[in-house]
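Chemist: Structure provided below as structure tokens; questions to follow.
Laboratory data are not the source of any read-out in this text; all were calculated from the coordinates shown. Small disclaimer: the values here were computed from a predicted structure and weren't measured. Note: ideal-geometry Cβ built from the backbone for every residue, glycine included; neighbour counts use all protein chains shown.
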């Protein structure tokens, strides 16, 4: 079992592996643009980023006013296309390279044009953000509980946990071996255990 710092637990010897990926940029990018331009949300989805402004509001308000005044139609189209971008980002399976935002946004001219302007702010925001400090691995505790319950070691399976810093609870399982979860939910032991136990039960 491996957390974000690469520490291995007893379950690793049996083949069970949990990999935590904090703040994947391909998931943060659509959230950043949505919050930065205050796109109107259509339907349910992830909450606001916990720290979504890259600078003081006064530093970005002029850009936002210009974009909103000149591109109302574009913003409307971007808001309508945004859920597809988010779905594409969630569906991306982590590998050795991050997905290209240009490829993820190829379907939407409105989002592609806006991202070309916003990307520099996103990169600045990423550069200023502190590295996630939480090294705890609640998945390890839950797996230990299930190991005791089942009376045997978990099977040699892998689970990738992608954490994002947004307000509220969000738990998405795009594939059997991958989940997207908010930091807040992951820090709520009782609630997180209720949602994660059925996932980890597949290890047995």
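Chemist: Within 10 Å of each residue's Cβ, count the other Cβ atoms and sort 166, 50 from fewest upward.
Modeler: Ranked by crowding around the Cβ, least crowded first: 50, 166.
Chemist: Which order results if 103, 113 are arranged by neighbouring Cβ count within 10 Å, fewest first? Could you put the intermediate results ahead of the total?
Modeler: Working: 103 10, 113 15.
The fewest-first ordering by Cβ neighbours comes to 103, 113.
Chemist: Treat the count of other C-beta atoms within 10 Å as a stand-in for reagent exposure and order 120, 20 from fewest to most.
Modeler: Working: 120 10, 20 23.
By the 10 Å Cβ count, ascending: 120, 20.
Chemist: Of the listed peptides 35-41, 25-31, 94-100, what is their order by residue-averaged count of other C-beta atoms within 10 Å, with the highest listed first?
Modeler: 25-31, 35-41, 94-100
Chemist: Can you work out the FRET efficiency for the pair residue 176 and residue 72, with r the C-beta to C-beta distance and R0 = 45 Å, to the nearest 0.05?
Modeler: Efficiency for this residue pair is about 0.60.
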